[in-house]
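The values are calculated or read from the model by the stated rules, or taken from the named source; none is laboratory data. Everything quoted here is computed from the prediction, not taken from an experiment. As a convention, Cβ positions derive from the backbone with ideal geometry for all residues, glycine included, and neighbour counts pool all protein chains shown. Protein only, heavy atoms only, side chains kept; ligands, DNA and RNA dropped before computing areas. Shrake-Rupley method; radii C 1.70, N 1.55, O 1.52, S 1.80 Å.
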Amino acid sequence: MPGLRRGLGRGLRGGLRGLRWGLRRGHGGAPLRLPLLLASFALTAYAGIRLLRGDWFGILLWLVGAAVLHDLVLLPLYALADRAVRAALPAPASWINHVRVPAFVSGLLLLVWFPLILGREERRYEHATGLTAGVFWPRWLLITAGLFAVSALWLAIRVWWRRRRAGAEDPRKPAAGPVRPNRP
């Protein structure tokens with residue numbers, strides 16, 4: 001009966017492989033991707049229903065305005081800033097990302113916290129929390145400087161590592177392989 005067990009085992013494994021292959025073919029990912037995607041949609045729907053119980057027109061107007069603002073104003077500004085950085089720093093494309101990433105994170109922080117960074121909501125913030133709002137501008141500047149410093153350090157490490165590896169492959173050293181005797 002060992003042959004029968006092996007046959008049944010192969011059939012079960014083959015069925016599971018077929019199920020996985022069908023899921024991947026159907027939605028293009030790993031088996032857990034579809035349930036996680038459906039759960040995220042359910043959570044988004046729940047949050048949307050809870051959010052839209054109040055001022056649904058204002059929220060909808062804000063979302064449409066944010067999309068239009070991003071597509072018509074911010075995206076061309078991103079593209080211009082990226083071209084300016086590329087023109088100012090004639091470096092390999094992978095090095096440009098060491099400017100892009102900290103600039104993106106800093107811009108995202110500014111977008112989220114701009115009323116407090118620019119001091120527009122100081123009274124409201126201080127009244128609601130009892131804390132001073134004057135620290136947001138210097139902290140944002142420090143975080144931005146830290147992001148660029150970490151990015152520059154990472155770039156320096158990458159360059160050093162590549163030069164070190166290239167130095168290990170010294171062209172003066174004989175190539176690995178069979179040693180041939182010198183012929184006169």
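Structure notes:
- Subset tally (residues that are open to solvent by less than 50 Å² (accessible area, probe 1.4 Å) and either touching a Ser or Thr at 6+ places or on another chain (Cβ under 6 Å) or modelled with pLDDT under 85 (or both)) for the stretch 83-100: 5
- If you check Trp113, Trp140, Trp154, Trp161 for being in a helix (DSSP H, G or I), modelled with pLDDT under 90 and under 27 Å from Ile96 (Cβ atoms), only one passes: Trp113.
- Only listed residue being modelled with pLDDT of 85 or more and within 30 Å of Leu111 (Cβ to Cβ), chosen from Leu51, Leu36: Leu36
- Filtering the stretch 90-119 to residues that are over 17 Å from Ala149 (Cβ atoms) and of a type in the set (A, V, I, L, M) leaves Ala91, Ala93, Ile96, Leu108, Leu110, Leu111, Val112, Leu116, Ile117, Leu118.
- Of all residue pairs spaced 6 or more apart or on separate chains, those with beta-carbon atoms under 6 Å, a first member in the stretch 101-122 that is open to solvent by 60 Å² or more (accessible area, probe 1.4 Å) and a second member that is at pLDDT below 90 are Glu121/Pro115; Glu122/Ala133.
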